[in-house]
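Taking it in order: structure first as structure tokens, then the write-up.
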Amino acid sequence: MPGLAAKPPQGIPRTIWALGLVSLFMDMSSELVHSLLPLFLVGTLGASMLTVGLIEGLSEASALLVKVFSGAFSDFIGRRKGLLLLGYGLAALSKPLFPLAGSAETVFAARLLDRIGKGIRGAPRDALIADVAPAAIRGACFGLRQSMDTAGAFLGPILAILLMLWFSGDITLVLWFAPIPALLAVAMLWVGVSEPDRQTPPLRLRSPVLRRSLGQFSKAFWWVVGIGAVFTLARFSEAFLLLRAAQLGLSTSWVPLVMVVMAAFYMLSAYPAGKWSDRIERSTLLGVSLLLLILADLLLAYAESVVTVIFGVALWGLHMGFSQGILAALVADTTPAELKGSAFGLFNLISGIAVLLASATAGWLWQSYGAAAAFYAGAGLAAAALLLLGLRRMGQ
């Protein structure tokens, strides 16, 4: 835009870099666990595919449901950091429960605590980024935080592979290393993240899901919520990517490689995609992300070898890079400053319902009709989302 081009370039604020490092350490811890957890559930604890889908769906949905209230509460109190410390602290406390688990129920309890922590911190963190990010580089700021988060998701599975090889495939022993980077994340948050003074008067505390609260948001915001929900329905838990690779012969010690590949492509694409979205129509890049997801699902459905799975996973990672930060930037674009926390909370409430449906349905389809059926269903939903996106652009 000509008006923006005349201004001097703006740097990304220090707080966003610090939040990126916090995300990096916590995701390193979480993905070390998550890259082994499906195999631990199915191979060690004897859980079914439907159980895996329900655990993943319910735990992820709980995180997204909690976000709606944590975001509104952060708007009410006018502060974000306290909720971030609570959320990251709960996630760190959950990590020792995984190696202690002797049943799928205990794993579910640990996963639930971890995801509730994520829910408490998620909307206030995104709102804090929106608070401090200059409008001209908002997409880049969200993209950078997402890239650093994904760097942790890249390093966590690499650490899992090295530890699995070192300890001869002892998953329980490897899981004991996860609390270390989680504690580093909490320490970094405590000393490295600051928040600006509030520029708007505090809001009255009210539920963001009441009709009078919902009426404060624009039609443009509700479009972002709707398209985000369809995106989530089309993309179920990454646990099924790990199980698909194991099904086709990848050894237990090397299964975390799936998450390494996905995170690498996610990490390398999220920041450039965020920057591009500051210059071109954000919905264009969302359309690209859906095409990538359709191709990924088709490859994963047709796969007869681990190599094909890896190609599908790489496209899945690119899809994530071209969608997650951009959707967050769209939420920030379409809401006023005093409602950022509530907006991110509502966005994640609807996404939480969608992720539960997506993962439970994928688990049922896999168990009842085979792996290919789950991935074909994902491709069909992604195609439906692409159609909705096209209709929206035509109507503008």
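The values are calculated or read from the model by the stated rules, or taken from the named source; none is laboratory data. Quantities reported herein were computed from a predicted structural model and do not represent experimental measurements. Glycine gets a Cβ as well: all are built from the backbone with ideal geometry, and neighbour counts include every protein chain shown. These accessible areas exclude ligands, DNA and RNA; they are computed on the full protein's heavy atoms, side chains included. Shrake-Rupley method; radii C 1.70, N 1.55, O 1.52, S 1.80 Å.
Under 8 Å by Cβ, and 6 or more places apart or on different chains, what pairs join a residue from the range 97-118 that is within 15 Å of L85 (Cα to Cα) and touching a residue at least 12 places away in the same chain (Cβ under 8 Å) with one that is crowded, with 16+ Cβ neighbours inside 10 Å and acidic (D, E)?
Within 8 Å, the pairs are R115/E60.
Going through A337, A377, A371 one at a time, which residue ends up being modelled with pLDDT of 90 or more, touching a Ser or Thr at 6+ places or on another chain (Cβ under 8 Å) and either open to solvent by less than 20 Å² (accessible area, probe 1.4 Å) or aliphatic (A, V, I, L, M) (or both)?
A377
Inside the range 94-203, counting only helices (runs of 4 or more DSSP H) that do not spill past its ends, which hold 3 or more residues that are within 30 Å of A332 (Cα to Cα) and open to solvent by 10 Å² or more (accessible area, probe 1.4 Å)?
104-132, 138-166, 179-192
Within the range 267-285, how many residues turn out to be part of a loop (DSSP other than H, G, I, E, B) and surrounded by 17 or more Cβ atoms within 10 Å (Cβ to Cβ)?
Looking only at that region, the number is 1.
Hey, among the residues in the range 231-240 that are part of a helix (DSSP H, G or I) and open to solvent by less than 30 Å² (accessible area, probe 1.4 Å), which one's nearest to Y376 (Cα to Cα)?
A234
Tell me, yes or no, whether the range 67-76 has at least one residue that is out of contact with any Asp or Glu (no Cβ under 8 Å at 6 or more places or on another chain) and within 28 Å of F265 (Cβ to Cβ).
yes
Which residue is most open to solvent (accessible area, probe 1.4 Å), if the candidates are limited to the range 11-52 and must be in a helix (DSSP H, G or I) and polar (S, T, N, Q)?
T44
Across the range 286-300, what is the number of residues that are under 20 Å from S237 (Cβ atoms) and open to solvent by less than 10 Å² (accessible area, probe 1.4 Å)?
6
Residues are listed down the side, and each one gets a yes or a no for (1) open to solvent by 60 Å² or more (accessible area, probe 1.4 Å); (2) of a type in the set (S, T, Y):
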residue: T361; (1), (2): yes, yes
residue: W364; (1), (2): yes, no
residue: Q367; (1), (2): yes, no
residue: L386; (1), (2): no, no
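Could you tell me whether any residue of the range 381-388 is at pLDDT below 85 and in a helix (DSSP H, G or I)?
yes
Restricting attention to the range 241-266, which residues are of a type in the set (V, I, T) and either surrounded by fewer than 23 Cβ atoms within 10 Å (Cβ to Cβ) or within 16 Å of L155 (Cβ to Cβ) (or both)?
Within the range 241-266, T252, V258, V260, V261 meet the criteria.
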